[in-house]
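Novice: Could you have a look at this structure, given as structure tokens, before my questions?
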Amino acid sequence: MRLHKKICKRLILLFMTFWLSGCAPFTENNLIEEISPITFLSISKGDKGKLKVSTILPPLSKENKIVMSQEVSLLKEDVQKYNLNFYQEIKSGQMRMLVISDEIGKDGIMSIINVLLTDPDIPLRIYLVIVKGNFEKYLESQLGKDKNFDYSFYRMLKHYEEKNQGELTVVNLHQFKNLLYTPYSDPFLPVFKIKEDGVNYEGTALFQDDKLVKIISSLDDRIFQLINNDHYLEVLPIQEFEVVLGHVRSKIKVDIDSSYSTMTYTVNIDTRIEEYRGEKQLFDPKELENMKKDIEIYLEKQTHELVKKMQELKVDPLQLGKQTKRPFSKPMEEKKWIEMFEKMDIKIKYNINIDPLIDANSKR
């Protein structure tokens, strides 16, 4: 049962935390001249089942930088190998990102997450990222162009997290851990793809427990941002109607009937039209109302298809199972919820409020 599995995992994690957080018998060397605090690690598949762990060294100096990679059987083994091949001692206290290949993600990342959680030097706010393509090769190509690429990548993630924008998914270790070990939830992570022009945002990776099972992109990813949290979208392009909605904010209401056979998902949206290249005269209130109805029907269909994919995959990144909790009653087993969710009739309803179109230059 998924719930029992998660409880066992949490107990194991708790035991490991207490075991590893005891008083160390030796004082560690933290002289700034003798250490090299890494800012990120990249993990991909190596040969014969090993992990290939890469980073840039030295990360925080003006010396010539190199991409250093090691193939290891255990994640902690990479630190030892780095120390034997680099003149400074590697420290993880300044680590800000963990970049995981999509191949590793499909195999499962439970062991990697547990290593991070039980390391007292690694902050819980480090960002987790899935990458499609050869990230190590891309790093090598960037050393002569942008020596601070890793820091720029980190600043981009930090920007979208602080501004609470849903332009892209941003997940840190603490959030992923909560989604992984909390009942009625499945984790998700941002996905970036290596291309010739750089590292481009691809979409959101959906996980079943700790295994990557689906990557959603384009409009599906935009819808996921709208219905999954209180973020807002600066722009929401809908090519079907040649329109771009701007400053999109949503409020979600979820209702499950008493028999747990039907779920009604209501999405209330406030927005305005940023760009329109169609033939409707949107300054006419009737034409604007027709456009609004068309968009509502279209988003209802697309959202229904997205939730249907989640049902087929038996994943609950939206944490809809929490809606089954009732006062003074025993919580439903997570396995039972997933079975019911898979068969549940989902009804999607959009209510869109579009600000009336005005001439922005009329007051000038």
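Novice: Looking only at the stretch 222-252, count every residue that is open to solvent by 10 Å² or more (accessible area, probe 1.4 Å) and not basic (Lys, Arg) and tell me the total.
Specialist: Total meeting the criteria: 16.
Novice: Right, something else. For residues that are in a strand (DSSP E or B), closer than 21 Å to GLU275 by Cα and within 14 Å of the chain's Cα centre (by Cα), tally how many sit in the stretch 200-236.
Specialist: Going through the stretch 200-236 one residue at a time, the tally reaches 0.
Novice: Now for a separate question. Only one of ASP270, ASP255, ASP294 is surrounded by fewer than 14 Cβ atoms within 10 Å (Cβ to Cβ) and of a type outside the set (A, V, I, L, M). Can you tell me which?
Specialist: None of the others qualify; the one that does is ASP255.
Novice: Among the residues that make up the stretch 139-159, is at least one of them open to solvent by 20 Å² or more (accessible area, probe 1.4 Å), within 30 Å of ASP294 (Cβ to Cβ) and in contact (Cβ under 8 Å) with a residue 40 or more places away in the chain?
Specialist: No, the stretch 139-159 contains no residue that is open to solvent by 20 Å² or more (accessible area, probe 1.4 Å), within 30 Å of ASP294 (Cβ to Cβ) and in contact (Cβ under 8 Å) with a residue 40 or more places away in the chain.
Novice: Related question: Residue under question is ASP119, and the condition is that it be in contact with a helix residue (DSSP H, G or I) (Cβ under 7 Å, 6 or more places away or on another chain), farther than 24 Å from VAL248 by Cα, among the acidic types (Asp, Glu) and open to solvent by less than 20 Å² (accessible area, probe 1.4 Å); does it hold?
Specialist: In short, no.
Novice: One residue is enough: does the stretch 314-321 have a residue meeting the conditions small (Gly, Ala, Ser) and not in a helix (DSSP H, G or I)?
Specialist: No, that holds for no residue.
Novice: Can you tell me how many residues within the stretch 329-347 are of a type outside the set (Asp, Glu) and within 15 Å of THR264 (Cα to Cα)?
Specialist: 6
Novice: Restricting to the stretch 194-221, name every residue that is more than 25 Å from LYS301 (Cα to Cα), of a type outside the set (Asp, Glu), free of Cβ contacts under 8 Å to residues at least 40 places away in the same chain and open to solvent by 20 Å² or more (accessible area, probe 1.4 Å).
Specialist: ASN200
Novice: Could you check the stretch 174-193 and list, in sequence order, the residues that are open to solvent by less than 10 Å² (accessible area, probe 1.4 Å) and out of contact with any Lys or Arg (no Cβ under 7 Å at 6 or more places or on another chain)?
Specialist: Residues satisfying the conditions are PHE176, LEU180, SER185, ASP186, PRO187, LEU189, PRO190, PHE192.
Novice: Another one. Quick one: would you say LYS280 is more than 23 Å from the chain's Cα centre (by Cα) and either of a type in the set (S, T, N, Q) or farther than 29 Å from LEU245 by Cα (or both)?
Specialist: no
Novice: Listed residues PHE341, PHE328; which is open to solvent by 90 Å² or more (accessible area, probe 1.4 Å) and not polar (S, T, N, Q)?
Specialist: Checking each option against the conditions leaves just PHE328.
Novice: Still on this structure: Residue under question is ILE130, and the condition is that it be touching a Ser or Thr at 6+ places or on another chain (Cβ under 9 Å) and either assigned to a helix (DSSP H, G or I) or closer than 15 Å to LYS195 by Cα (or both); does it hold?
Specialist: In short, yes.
The values are calculated or read from the model by the stated rules, or taken from the named source; none is laboratory data. Bear in mind that the values here come from a model prediction, so they are computed numbers and not experimental data. Neighbour counts run over all protein chains shown; Cβ positions are idealised from the backbone, glycine included. For accessibility, only protein heavy atoms count, side chains too; no ligands or nucleic acids. Shrake-Rupley method; radii C 1.70, N 1.55, O 1.52, S 1.80 Å.
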